[in-house]
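Please see the structure below; I have some questions.
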Amino acid sequence: MNDDILKGHWTLVDVSAADILARLPEMDRVMVIHLGDGATHERIGTVETVTNDDGHVTLNGATHESQVDAQTITSIRLETTSIMREKVYPSLGFFTEKQELLFRVVGMEGAAPFLEPLKDIERTALPTEDRTVGVVKETPPEDLSDDPGFRLLDSLREAAKPVAIRLTRPGREQVWRGTIDAVKPVMGYSNVMTKDFHLHLKAGSVGSWKSLANQHIALDEEGQEIGLEIVESPTA
């Protein structure tokens, strides 16, 4: 049965991003989703600790670490309309002054544990036209066997060695450490799926890799770094 809560979209009022992020350990399991140029980096699990060093906030978990410059976030949106298999997956979206979505936090255990830490925060309803972030629909390629992103990820899966997968963008960074169990090419993406981490890498977003010893840095077709880095057998 769906969580018995009010469904809607709101902007949180008179609260800082650092304050909201400090409440994540109270929300049970969450998915922290960082967005990059063709790469979506999703950590799954409990945020165990949150530290704030003059607005630079670090979220720590068993196999994850996220770092966010909270001062780049000017608005936070709460959404409670996402439902899968009769379960509500509430989320918080963190936006810049230009209304660019930087990252999202999704509650994985339903509405109650996610919303309880937010109950004292005022919110205003979001106008309908402001609720969605534009998405360009494209026809995805069916065969990713020659895609540089898929090829490296699949070779790391075969090697079965620990890796660190890091996504770095202006004002934010997230890293996961573990072993790649599977890489599934679906709908034009190379998808790394584990119980505590997902990476969705769009076909064509990686033109090549700059490899230095055990470090691989993703480059686009023009040779520019896209912010994705993979380190084999990381020491830290």
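Please treat every number below as a calculation from the coordinates, not as lab data. Predicted model, so just to flag it, every value in this text is computed and none were measured. Glycine gets a Cβ as well: all are built from the backbone with ideal geometry, and neighbour counts include every protein chain shown.
Please go through segment 132-236 and write out the GluC sites (Glu not before Pro) that DSSP classes as loop and that have at most 11 other C-beta atoms within 10 Å.
Answer by residue number: Glu138, Glu142, Glu221, Glu222.
What order do you get for Met84, Met193 when you list them from fewest to most C-beta neighbours inside 10 Å?
Placing the least packed residue first, the sequence is Met84, Met193.
Continuing with this model, one more query. Pick from Asn191, Asn60, Asn214: which residue has the top mean-square fluctuation in a GNM of the chain where Cα pairs under 10 Å get a spring?
Asn214
If you don't mind, another one. If you fit an axis through the alpha-carbon atoms of helix 148-159 and take the longest principal axis of the Cα set of the chain, what angle between them do you get, 0 to 90°, nearest 10?
80 degrees
State log₁₀ I(q)/I(0) for the chain at q = 0.07 Å⁻¹ as given by the Debye formula over alpha-carbon point scatterers of equal weight, solvent excluded.
With one equal scatterer per Cα and no solvent, log10 I(q)/I(0) is -0.24.
Moving on to the next point. Please give the contour-minus-distance gain from Thr63 to Leu212: 0.36 nm per residue of separation, less the Cα-Cα distance, rounded to one decimal in nm.
Additional length available on full extension: 51.3 nm.
Find the Rg to Rh ratio for segment 9-127, where Rh is the Kirkwood radius over alpha-carbon pairs and Rg uses the same atoms.
Radius of gyration relative to Kirkwood radius: 0.93.
While we're on this one: What does the convex hull of the alpha-carbon atoms of segment 148-232 project to on average, in nm²?
Result: 5.4 nm².
While we're here: Ranked highest first by the average count of other Cβ atoms within 10 Å around their residues, in what order do 38-45, 64-71, 9-16 fall?
38-45, 64-71, 9-16
For the cross-link pairs Lys98/Lys202; Lys7/Lys202; Lys87/Lys161; Lys119/Lys202; Lys87/Lys184, which exceed 27 Å when the distance is taken from alpha carbon to alpha carbon?
Long pairs (Cα-Cα over 27 Å): Lys7/Lys202; Lys87/Lys161; Lys119/Lys202.
A follow-up question, please. Working from the alpha-carbon coordinates of segment 44-97, get Rg over Rh, Rh being the Kirkwood radius.
My calculation puts Rg/Rh at 1.05.
What ranking do Lys98, Lys87 get, fewest neighbouring Cβ atoms within 10 angstrom at the top?
In increasing order of surrounding Cβ atoms, one gets Lys98, Lys87.
Would you please report the Å³ per residue occupied by the convex hull of the alpha carbon atoms in segment 1-76?
It comes to 142 Å³ per residue, whole-number rounded.
Quote the FRET efficiency, to the nearest 0.05, computed for Asp220 versus Lys184 with a Förster distance R0 of 30 Å and r equal to the Cβ-Cβ distance.
Once rounded, the FRET efficiency stands at 0.85.
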